[in-house]
Amino acid sequence: MAGRVIAELTIVPLGTGSTSLSRWVRIAEKVITESGLEHTLTPMGTCVQGELEDIFAVVKRAHEALAAAGAGRISTHIKLDDRLDKDRVMQDKIDAVLKQD
């Protein structure tokens, strides 16, 4: 099992002098990939699945990686879904929506 918590992360550097974020997203995405946690990059954030402590640890490392790359200010948003009544993976949530009707 990949871990019971699903998180959606958005880590945004501020004051970079550019409206483009792809360079910064790639820095954070590399950290998340290196963590080994199951994740999916989306146009507006990244979904990560794992144990709560592992998710918080990778968010911290990604946040710090942007600081190390020169971001003067960073805004990090985390949304957590910790379903306790059954095991499931990220795709299960998508499948539940698609099977409606």
Q | Residue tally, condition under 17 Å from His39 (Cα atoms) and hydrophobic (A, V, I, L, M, F, W, C), over the stretch 78-101 | A | 5
Q.
Condition first: modelled with pLDDT of 95 or more, within 20 Å of Asp92 (Cα to Cα) and of a type in the set (Asp, Glu). Can you find one or more residues in the stretch 7-25 that meet it?
A. yes
Q: Look through the stretch 53-101, keep the residues that are more than 24 Å from Ile27 (Cα to Cα) and among the polar types (S, T, N, Q), and return whichever of them is modelled with the highest pLDDT.
A: Gln100
Q. Is there a residue being assigned to a helix (DSSP H, G or I) and closer than 18 Å to Ile11 by Cβ anywhere in the stretch 70-87?
A. no
Q: Could you please find all residues in the stretch 11-54 being in contact (Cβ under 8 Å) with a residue 40 or more places away in the chain, in a loop (DSSP other than H, G, I, E, B) and crowded, with 17+ Cβ neighbours inside 10 Å?
A: Thr16
Q. Can you pull out the residues in the stretch 56-79 that are surrounded by 12 or more Cβ atoms within 10 Å (Cβ to Cβ) and of a type in the set (A, V, I, L, M, F, W, C)?
A. Phe56, Ala57, Val58, Val59, Ala62, Ala65, Leu66, Ala67, Ala69, Ala71, Ile74, Ile78
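Answer yes or no as to whether Glu8 is of a type in the set (D, E, K, R), touching a strand residue (DSSP E or B) at 6+ places or on another chain (Cβ under 7 Å) and free of Cβ contacts under 8 Å to residues at least 60 places away in the same chain. Step through it out loud before you land on a result.
Numbers: of a type in the set (D, E, K, R): yes; touching a strand residue (DSSP E or B) at 6+ places or on another chain (Cβ under 7 Å): yes; free of Cβ contacts under 8 Å to residues at least 60 places away in the same chain: no.
No.
The values are calculated or read from the model by the stated rules, or taken from the named source; none is laboratory data. Treat the numbers as computed from the prediction; the structure is a model and nothing was measured. Note: ideal-geometry Cβ built from the backbone for every residue, glycine included; neighbour counts use all protein chains shown.
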